[in-house]
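Novice: Here it is, the structure, as structure tokens.
Quick note: the coordinates plus some simple rules give every number you see, no bench work behind them. Not measured: the values here are computed from a predicted model. Glycine also receives a Cβ, built like all others from the backbone with ideal geometry; neighbour counts cover every protein chain displayed.
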Amino acid sequence: MKGAILAGGLGTRLYPLTYATNKHLLPVYDKPMVYYPIQTLIKAGIKDIIVVTGGPHAGHFLRVLKNGKHLGINHLEYAYQEREGGIAEALSLCEDFADKKPLCVILGDNCTDADISEPVRKFQKGAIIFLKEVPDPQRFGVPVFKNNKIVKIEEKPQNPKSNFAVTGLYIYDHQVFDFIRQCRPSQRGELEITEVNNFYIQKNQLNWYVLDGFWSDAGTFESLYRTNKYWAEKK
């Protein structure tokens with residue numbers, strides 16, 4: 001299985017920090033933020049990785065990640081997202097890299113110590129999304145359950161039907177790129193990964209796991225502080 005780290009965007013919620021560099025290169029305790037999703041993939045045995053980035057600081061990744069060998073990556077590629085087109089659009093840039101193989105996708109601001117090697121090893125087809133119970137699910141895509149099965153995912157609902165967030169960690173088979181081509185821009189003008197996941201639900205091909213251990217995004221001042229605090233105390 002190959003891996004994709006989606007690390008584009010302008011990081012506007014973290015201005016003025018992100019005037020200086022890409023959000024995903026900001027420090028989380030003693031490492032650049034993007035090192036954490038890389039560690040998640042490496043720990044799961046995924047060592048062929050593409051990083052999708054964008055914005056005015058995209059070139060900074062080369063100085064930090066280089067060819068990835070010092071981080072345990074066997075093969076590292078980069079792709080450039082030219083505009084703020086959403087997570088699904090960023091993922092679409094990985095189609096040639098994926099080469100019809102399964103792809104483990106993680107957002108560049110997702111920091112977790114969970115071990116996903118078992119679902120990676122067992123994956124065959126369809127999609128897997130990873131969930132985490134959170135105090136503020138309205139910030140995320142939220143699964144709607146019926147008989148312990150996800151029947152729908154709602155994007156940033158005002159009245160969430162569960163306390164689980166769809167984390168920025170997914171496994172997809174090659175169908176994902178066909179589903180992205182069927183997506184239409186949302187009210188935000190972006191291609192939403194929630195719509196992609198709902199296509200898998202409609203085909204009864206979406207499975208889910210709850211992440212063990214710590215998980216947080218680090219895309220707001222509050223979550224960046226929380227993530228720094230966790231890793232500082234853990235180490």
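Novice: Can you put H75, H60 in order, fewest other beta carbons within 10 Å first? Before the final figure, lay out each step's value.
Specialist: Numbers: H75 13, H60 17.
With the sparsest Cβ surroundings first, the list reads H75, H60.
Novice: For the chain, with the dipole built from +1 on Lys and Arg beta-carbon atoms and -1 on Asp and Glu ones, taken about the Cα centre, which of V210, P143, L224 lies farthest toward the positive end?
Specialist: Result: V210, furthest along the dipole toward the positive end.
Novice: R0 = 30 Å: FRET efficiency of Y29 with S117, Cβ-based, nearest 0.05?
Specialist: Working from the Cβ atoms, E equals 0.80.
Novice: Given only helices, namely DSSP H runs of n ≥ 4 each adding -39500 (n - 2.57), what is the per-residue ellipticity at 222 nm of the chain, to the nearest 500 deg cm²/dmol?
Specialist: Helices in the chain give a 222 nm mean residue ellipticity of -7000 deg cm²/dmol.
Novice: Could I ask something else about it? Find out how many positive minus negative residues lie around S92, taking Lys and Arg as positive, Asp and Glu as negative, among other residues whose Cβ is under 11 Å from that of S92.
Specialist: Here the count lands on -3.
Novice: Under the √(5λ) rule applied to the eigenvalues of the Cα gyration tensor, what semi-axes describe the equivalent ellipsoid of region 27-89? Give them in Å, descending.
Specialist: Over the Cα atoms of region 27-89, the semi-axes work out to 20, 14, 12 Å.
Novice: Follow-up. Relative to the Cα centre, what is the charge dipole magnitude of region 95-235, using +1 at the beta carbon of each Lys and Arg, -1 at the beta carbon of each Asp and Glu, and rounding to the nearest 20 debye?
Specialist: 380
Novice: While we're here: Using Stokes-Einstein with the Kirkwood hydrodynamic radius over Cα pairs, what translational diffusion coefficient do you get for the chain at 25 °C and a viscosity of 0.890 mPa s, in µm²/s rounded to a whole number?
Specialist: Result for D is 138 µm²/s.
Novice: If you don't mind, there's one more thing I want to ask. Give the order of L62, L26 when sorted by the count of other beta carbons within 10 angstrom, beginning with the fewest.
Specialist: Least to most surrounded, the residues fall as L62, L26.
Novice: For region 1-123, would you read off the P(r) tail past 17 Å as a percentage of all alpha carbon pairs?
Specialist: Result for the distance tail: 54 percent.
Novice: Taking a ≥ b ≥ c as the square roots of the Cα gyration tensor eigenvalues, with a/c under 1.5 meaning rounded and otherwise prolate when a/b beats b/c, else oblate, which class fits region 143-194?
Specialist: Numbers: a/c = 2.16, a/b = 1.33, b/c = 1.62.
In terms of gyration-tensor shape, oblate.
Novice: Given R₀ = 30 Å, FRET efficiency for S162-N67 by Cβ-Cβ distance, to 0.05?
Specialist: 0.10
Novice: On to the next question. Could you list the residues of region 16-36 with an amide nitrogen less than 17 Å from a label point located 7 Å from the Cα of A232 in the Cα-to-C-beta direction?
Specialist: From region 16-36, the list is 26-33.
Novice: What nm distance separates the two modelled labels at N148 and K203, each placed 7 Å from Cα along Cα→Cβ?
Specialist: Rounded to a tenth, the inter-label distance reads 2.6 nm.
Novice: What whole number of Å gives the distance from the Cα centroid of region 200-235 to the Cα centroid of region 7-25?
Specialist: Cα centroid to Cα centroid, the span is 19 Å.
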